[in-house]
Structure formats: C-alpha cells, structure tokens
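Below is one structure, written out as structure tokens; comments come after it.
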Amino acid sequence: MMEKPKLSFWQIWNLSFGFLGVQIGYSLQNGNTSRILEALGADVHSIGYFWLAAPLAGLIVQPIIGLSSDKTWTKLGRRIPFIFFGAIVSAMAMFFMPNAEYFTYLLPPLVFGAVMLLLMDTSFNVTMQPFRALVGDMVNDEQRNLGYSLQSALINFGAVFGSLLPWILVKIGMSNVPAAGEKVAESVIWSFYIGGTILLGTVLWTVLRTKEYAPKEHAEYNKIDLNAPEKSEKTSIFTLIGNAPKIFWQLGIVQFFSWFALFLMWVYTTRAIANQVWGHGIALDAKSVGFNEAGDWTGVMFAFYSGVAAVFSLLIPSIAKSIGRKKTYSFSLVLGGLGLISMFLVEDKNMLLLSISGVGLAWAAILAMPYAMLSGSLPADKMGVYMGLFNATITIPQIAAGVLGSTLIALFGGNPMAIIVIAGASMLIAGTAVFFVKEKVATIK
C-alpha cells in the first residue's frame, strides 16, 4: 500500500485558503446578526430563536453533504464541487440579508432577514464541512496536527478581518447608524458586500490551486479496497452512528458544552455589553448610538479573540507535541471559561479585550484539537460522512442554547450579562470533560 505523500506548507495552505473567506462571512454573521435582527424588529427575549436557523441547517445539511461528497468524483474532485457551489449561495445570501427592508413586496423585513439567515448558514455548512474532510483526505498522519492547526489559523485570520470590518468602515467615514427611514447602518451593509466578494475569491483560489487525489490514488493512499463489495449504499446513518468509535462520543460531550457556551456568547454579547458598558445598567434602544457603538465593539472583541486564536493556532502543534493534545485542549477551554465569567466584572470596554482573549485560546483549540484527535479514528472512505455527523456535536448544543436562551434570560431578570456567565461555566465543564477522552485509533467496519 502506498503512503500519502508529504505535502509542502503551501499545498496545505491552499487546501484551506478558501476557509479564510468563509470565516469572514461567518464572522460577519456572528457579529452582526443580532444587531440586524433587532433593527428589523426582533426582541432580545426571542432573538435566540432566530439564531436556531444556523444549527438546524448544520444538523440536517452537514451529514448529507458529507455522505454525498464521499461518493462524488468529478473533474473538480470530490469535495471541491460542494465547497465552490456552497460559496456562491453563501455570498448571494450575504448580499441580500442586510437589505431585507427593501424586499417588503415579498416578505416582511424580519421574515426576509430570517430566511436569508437560514439560507446563508445552510450554504456556509455546505462549504465548511468538505473543507474539514479535504484535509483528512489529503494530509498524512504526520502532518495532521499541522493541517488542522493551519486551517484553524486561516479561519481566525478571516474572523479578525470579518469581525473588524464594520468598525473599519466607520473609521473611514461610513455611517454607523441607519439613515432616516432605514433600518440597517451603511457600514453593516457594505461589510456584507465586501465579505461576500472575498468569500468567493478565496474559495476560487482553493478550487484552482488544489488537485484532489483521483479515485485510484485516494484508495491506495487510504488503504481502501476498490474490489471489495460496495456496502455503503446499504449503510444507514443510524448504522454509521452505531459504529462510531468511542472517541466520537467522548469528544461530543466536550463539544456540547463548548458550543453551548459559544452560541450564548455570539447571541448575547452585543446586548450584554451595550447595557453594562454603554448604558451603565440601562437597556439601550436598538437604534441608539450607544447600542450601535456596542455592536461595533462586539466586532472588535470578536476580532481580538480571533487574532489571539490565529497566533495560538500556529503554536498548537508544538505545544500539543510537548504536553499532549488533551492537556492543550483542556487548559485552553478552562481559560476561555474564566475569560467569559470575568466579563461580568468589567465596565470598561478596553478591559473586555483582556476577558475575551481567553476565548481566543479556547476557540483555537476548538477548531483544531477535536478534528486532529478524531480523524485518525475514522475510515478514509467514510471521512466525509463522519465529519458531517460529528457536526451534530456543534449544532445540537447551539439548538439547546437557542431554545433555552429566552428562559435563561427571563430567569435572570432580562440581564444578558448573566447569560455570558452561564456560557463561561459551560466552557469550564467542557475543559474538565476533555480528561475523560481516550485517544485511540479505531477500525470501523
């Protein structure tokens, strides 16, 4: 059997370069969706329900895309077609969402915005899942930490730019508040235009610069017997789940508490810091200057943690080699939890950057470690579908957080900063759960 060749740094870079643009779009969505939806008329107590579009789309779409890409062979490859066409739809949804108020002849603005959010996140999922499987397909065991860590770094460099983009546009003169009679600020609208364009450009780079292994090469490199009877057509999703290795479930517990925390942070940070830092304990109107400044600062905070994550991602391979993947993963999550909890004590916007830096360490580990730990336990011919199924460990906790968010905020008297503290506690639980993960390469029949 042939071994996978060792790839150059730039070959591995090209595999994931498109993820840079996807993450710019995803970060614009994370940092501005609550802001847009509140401007379109959503209430803070119900806004978590709108965010359910994202994890629901991922829960349904990613396993289907994974299974489909496992079985696809075209002139472009097996993963590339999904990456490319998902990016096209993602960009189109980004162009339309902040302009929801102009499509009242089709749907009410809030409904149109929600539909675009669903379409945007569905297509993001179509694009992102094959990127994970592509690294698993192309990179050998020796370079696996590098492959996923470099992907994590590119994701975070994209997140820095995407999160900062509205703030940058305000600094160069664009309006930060909606014009008279309008709902969404000019800076937000143009951020989505620019982000969607970059998304298409970077994905096109990966499409043109990456040549996937042909079926015969892929089989030889991944030790797949092409002459064996084809059983995959008869294998149901439930059978695949039943045959998943133990590490799949162990990492799933860690993922649940990690992503439960992240979802709460993404949904409630703007409102939490607007009330605490700009409103000094008073809830601000969604069209006020203070609320929109808080929205921009949320972008700065998210960019800052993404920048920390980008740098830390480059250090993860050597740190993990020194102290092990589990300790690297666990300590990062614990620091993220402590950072979120500390936000409750902060009333200065600049000090929030120190709090959110812990989230950056956690985010880098979340994007790299579970995939590096899991991919070695998965069969090469089912890499895509299992990566898609593993995405349920991301989407289910987000669905839970979206459903419980309104209840939690009501229990704490409408104080969104209390939800951020709950997010921090959830991240601490995730860090503890890592120590129950047992890394072991398993064979799946």
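Within segment 429-438, which residues are aliphatic (A, V, I, L, M), surrounded by 20 or more Cβ atoms within 10 Å (Cβ to Cβ) and part of a helix (DSSP H, G or I)? Walk me through how you get there before you give the answer.
Of segment 429-438, the ones aliphatic (A, V, I, L, M) are 429-430, 433-434, 437.
Those left that are additionally surrounded by 20 or more Cβ atoms within 10 Å (Cβ to Cβ): 430, 433-434, 437.
Listed by number, the residues that qualify are Ala430, Ala433, Val434.
Filter segment 322-352 down to the residues that are part of a helix (DSSP H, G or I) and of a type in the set (Lys, Arg), then identify the one that is modelled with the lowest pLDDT.
Restricting attention to segment 322-352, the residues satisfying the condition of being part of a helix (DSSP H, G or I) are 322-323, 325-345, 351-352.
Among the residues that remain, those that are also of a type in the set (Lys, Arg) are: 325-327.
Details: Arg325: 86, Lys326: 90, Lys327: 92.
Selected residue: Arg325.
Picking from Ser318, Ser355, which residue would you name as being part of a helix (DSSP H, G or I), closer than 26 Å to Glu142 by Cβ and among the polar types (S, T, N, Q)? Steps first, please.
Details: Ser355 fails: closer than 26 Å to Glu142 by Cβ.
Exactly one of Ser318, Ser355 is part of a helix (DSSP H, G or I), closer than 26 Å to Glu142 by Cβ and among the polar types (S, T, N, Q), namely Ser318.
Keeping to segment 315-370, report how many residues are among the aromatic types (Phe, Trp, Tyr) and under 20 Å from Gln276 (Cβ atoms).
Going through segment 315-370 one residue at a time, the tally reaches 1.
Could you give every pair whose Cβ atoms fall below 8 Å, whose first residue belongs to segment 288-306 and is closer than 15 Å to Leu28 by Cα, and whose second residue is of a type in the set (D, E, K, R) and surrounded by fewer than 24 Cβ atoms within 10 Å (Cβ to Cβ), counting only separations of at least 6 or pairs across chains?
Trp297/Lys349
Given the criterion closer than 21 Å to Ser16 by Cα and assigned to a loop (DSSP other than H, G, I, E, B), identify the matching residue among Leu389, Leu378.
Values: Leu389 fails: assigned to a loop (DSSP other than H, G, I, E, B).
Residue meeting the stated conditions: Leu378.
Quick check, is Lys382 modelled with pLDDT under 80, surrounded by fewer than 16 Cβ atoms within 10 Å (Cβ to Cβ) and more than 18 Å from the chain's Cα centre (by Cα)? Spell out the reasoning first.
Working: modelled with pLDDT under 80: yes; surrounded by fewer than 16 Cβ atoms within 10 Å (Cβ to Cβ): no; more than 18 Å from the chain's Cα centre (by Cα): yes.
No.
Show the residue pairs that are 6+ apart or on different chains and have beta-carbon atoms under 9 Å apart, the first residue being within segment 91-110 and over 15 Å from Ser27 (Cα atoms), the second being assigned to a loop (DSSP other than H, G, I, E, B) and small (Gly, Ala, Ser).
Matching pairs, first to second residue: Pro108/Gly41; Pro109/Gly41; Leu110/Gly41; Leu110/Ala42.
Is segment 163-177 home to any residue that is touching a helix residue (DSSP H, G or I) at 6+ places or on another chain (Cβ under 7 Å), over 25 Å from Ile64 (Cβ atoms), not in a helix (DSSP H, G or I) and not aliphatic (A, V, I, L, M)? Working first, answer last.
Going through segment 163-177, the residues touching a helix residue (DSSP H, G or I) at 6+ places or on another chain (Cβ under 7 Å) turn out to be 163-167, 169-170, 174-177.
Then keep just the ones that are over 25 Å from Ile64 (Cβ atoms); that gives 163-167, 169-170, 174-177.
Cutting the leftovers down to not in a helix (DSSP H, G or I) gives us 174-177.
From the residues that got through so far, the ones that are not aliphatic (A, V, I, L, M) too are 175-176.
Yes, some residue in segment 163-177 is touching a helix residue (DSSP H, G or I) at 6+ places or on another chain (Cβ under 7 Å), over 25 Å from Ile64 (Cβ atoms), not in a helix (DSSP H, G or I) and not aliphatic (A, V, I, L, M).
If I go through segment 124-146 residue by residue, how many of them are farther than 19 Å from Val385 by Cα and crowded, with 24+ Cβ neighbours inside 10 Å?
Result for segment 124-146: 0.
Please count how many residues of segment 407-418 are closer than 19 Å to Gln276 by Cα, in a helix (DSSP H, G or I) and either small (Gly, Ala, Ser) or over 23 Å from the mean Cα position of the chain (by Cα) (or both).
Let us first name the residues in segment 407-418 that are closer than 19 Å to Gln276 by Cα, namely 408-418.
Imposing the further condition that a residue be in a helix (DSSP H, G or I) reduces the set to 408-411, 416-418.
Those still in the list that are either small (Gly, Ala, Ser) or over 23 Å from the mean Cα position of the chain (by Cα) (or both) too: 408-411, 418.
Number of matching residues: 5.
Is there a residue being under 20 Å from the mean Cα position of the chain (by Cα) and in a helix (DSSP H, G or I) anywhere in segment 273-295?
Taking segment 273-295 first, the residues under 20 Å from the mean Cα position of the chain (by Cα) are 295.
Cutting the leftovers down to in a helix (DSSP H, G or I) gives us 295.
Within segment 273-295, one or more residues are under 20 Å from the mean Cα position of the chain (by Cα) and in a helix (DSSP H, G or I).
Out of (1) part of a helix (DSSP H, G or I); (2) over 24 Å from Arg35 (Cβ atoms); (3) aromatic (Phe, Trp, Tyr), the odd one out for Phe95 is which?
Checking Phe95 against (1) part of a helix (DSSP H, G or I); (2) over 24 Å from Arg35 (Cβ atoms); (3) aromatic (Phe, Trp, Tyr), the one that fails is (2).
Look through Lys349, Lys326, Lys321 and report the one residue that is within 22 Å of Ala425 (Cβ to Cβ) and basic (Lys, Arg).
Numbers: Lys349 fails: within 22 Å of Ala425 (Cβ to Cβ); Lys321 fails: within 22 Å of Ala425 (Cβ to Cβ).
Going through Lys349, Lys326, Lys321 in turn, the sole match is Lys326.
Do we have Pro63 as touching a residue at least 24 places away in the same chain (Cβ under 8 Å) and surrounded by 22 or more Cβ atoms within 10 Å (Cβ to Cβ) here? Steps first, please.
Details: touching a residue at least 24 places away in the same chain (Cβ under 8 Å): yes; surrounded by 22 or more Cβ atoms within 10 Å (Cβ to Cβ): yes.
The answer is yes for Pro63.
For Val421, all conditions in the list (1) closer than 22 Å to Ser149 by Cα; (2) at pLDDT 90 or above hold save one; what is the number of the exception?
Answer for Val421: the failing condition is (1).
Could you list all residues from segment 122-143 that are more than 13 Å from the chain's Cα centre (by Cα) and among the charged types (D, E, K, R)?
Selection gives Asp137, Asp141, Glu142.
Quick one: which of Ser34, Ser16, Ser69 is farther than 14 Å from Met120 by Cβ, at pLDDT 85 or above and not in a loop (DSSP other than H, G, I, E, B)? I'd like the intermediate steps shown before the answer.
Working: Ser34 fails: at pLDDT 85 or above; Ser69 fails: at pLDDT 85 or above.
Being farther than 14 Å from Met120 by Cβ, at pLDDT 85 or above and not in a loop (DSSP other than H, G, I, E, B) holds for just one of Ser34, Ser16, Ser69, which is Ser16.
The values are calculated or read from the model by the stated rules, or taken from the named source; none is laboratory data. Predicted model only: the values in this text are computed from it and were never measured. Glycine also receives a Cβ, built like all others from the backbone with ideal geometry; neighbour counts cover every protein chain displayed.
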